[in-house]
1. Name the pairs whose Cβ atoms lie under 8 Å apart, with the first residue in region 56-78 and within 14 Å of residue 44 (Cα to Cα), the second surrounded by 14 or more Cβ atoms within 10 Å (Cβ to Cβ) and of a type in the set (Asp, Glu), and 6 or more positions between them or separate chains?
2. Scanning region 113-146 for residues that are in a loop (DSSP other than H, G, I, E, B) and more than 20 Å from the chain's Cα centre (by Cα), which turns out surrounded by the fewest Cβ atoms within 10 Å (Cβ to Cβ)?
3. Here is a list of conditions, (1) free of Cβ contacts under 8 Å to residues at least 12 places away in the same chain; (2) within 14 Å of residue 29 (Cβ to Cβ); (3) of a type in the set (A, V, I, L, M), and residue 196 meets all of them except one; can you say which number that is?
4. Check region 1-23 and report whether any residue there is touching a helix residue (DSSP H, G or I) at 6+ places or on another chain (Cβ under 6 Å) and farther than 18 Å from residue 214 by Cα.
5. Which count do you get for residues in region 153-162 that are surrounded by 24 or more Cβ atoms within 10 Å (Cβ to Cβ) and outside any strand (DSSP E or B)?
6. Give the residue that is nearest to the chain's Cα centre (by Cα), with candidates limited to residues of region 68-95 that are farther than 23 Å from residue 162 by Cα and charged (D, E, K, R).
7. Can you confirm whether region 165-174 contains a residue that is assigned to a loop (DSSP other than H, G, I, E, B), within 20 Å of the chain's Cα centre (by Cα) and in the same structural domain as residue 2 (by TED's automatic domain parsing)?
8. Taking the options 83, 28, 95, name whichever one is out of contact with any His (no Cβ under 6 Å at 6 or more places or on another chain) and free of Cβ contacts under 8 Å to residues at least 12 places away in the same chain.
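The values are calculated or read from the model by the stated rules, or taken from the named source; none is laboratory data. Keep in mind that this is a model prediction, so the values were computed, not measured. FYI the Cβ positions are ideal-geometry reconstructions off the backbone, even for glycines, and counts take in every protein chain you see.
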Amino acid sequence: MLQISEIETFYKRSQVLFGVSLEIGAGEVVAVMGRNGMGKTTLVRSIMGLTPPKTGSIRFEGMELTNQPSYFAAKAGIALVPEGRQIFPTLTVRENMIATAANRSGKTNPWTPEKIFQMFPELEEREHSFGRTLSGGEQQMLSIGRALMTNSKLLILDDATEGLAPLVCTKIWNCLEQLKAFGQAILVIDRNLESLMRIADRHYIMEKGRFVWSGDSSELASDPELRIRYLGV
């Protein structure tokens, strides 16, 4: 589905990504991990066309995304739950969800606000509240709901549970497990190793703008030294 080949991304003269390659298949959940400042968000920005790579290729279902405007990735069927949530503060919960709603993957049973409310009952209680009045956890639920309303083929979450209360984190991980069961392809960036190992099919570890390891959960679980070297605080 998503094929990233040897991309190199810069901010002006400062290079952040060095020959990064990654693949995600249909219905697959892939995790990208690493300490802060290693290039994970830049990878997301490269995929979405916000910070295009100078070299390499990003293809989605055979379509070249490299050097296309940022809306091109969204139209192709990629939805982003961005770092910092970035919901619309002056729109209500329902308005946030329908503002960019579309059935980009042509689903016969697409996501609706009512289905989002079933997954996150807290949002139904705040349906008519403005985005700026929501708690951080409610904003993250809304950001996920807004992304799902585009009925995308690939869902990307950048810092899925960063800074959230444990109870909210549990709700987010339960949501991702349900989405995986529905066959949703997901790229998730987070630091919750235990949850990622439970949910993700494959993992990539990023260090200083490069992938230094990739493998499945059983391989990651069997190598505590690797986890300490690249993921320990």
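1. Every condition considered, no pair remains.
2. It comes out as 128.
3. (1)
4. Within region 1-23 (the criterion being touching a helix residue (DSSP H, G or I) at 6+ places or on another chain (Cβ under 6 Å) and farther than 18 Å from residue 214 by Cα), the answer is yes, since at least one residue qualifies.
5. 1
6. Going residue by residue through region 68-95, those that are farther than 23 Å from residue 162 by Cα are 68-77, 90-92, 94-95.
Now restrict to residues that are charged (D, E, K, R): 75, 94-95.
Working: 75: 16, 94: 22, 95: 22 Å.
My answer is 75.
7. Our first condition is that a residue be assigned to a loop (DSSP other than H, G, I, E, B); within region 165-174, this holds for 165.
Within this subset, residues satisfying the condition of being within 20 Å of the chain's Cα centre (by Cα) are 165.
When the remaining residues are screened for being in the same structural domain as residue 2 (by TED's automatic domain parsing), the result is 165.
Taking every residue of region 165-174 in turn, at least one turns out to be assigned to a loop (DSSP other than H, G, I, E, B), within 20 Å of the chain's Cα centre (by Cα) and in the same structural domain as residue 2 (by TED's automatic domain parsing).
8. Working: 83 fails: free of Cβ contacts under 8 Å to residues at least 12 places away in the same chain; 28 fails: free of Cβ contacts under 8 Å to residues at least 12 places away in the same chain.
Just a single option satisfies the conditions, and that option is 95.
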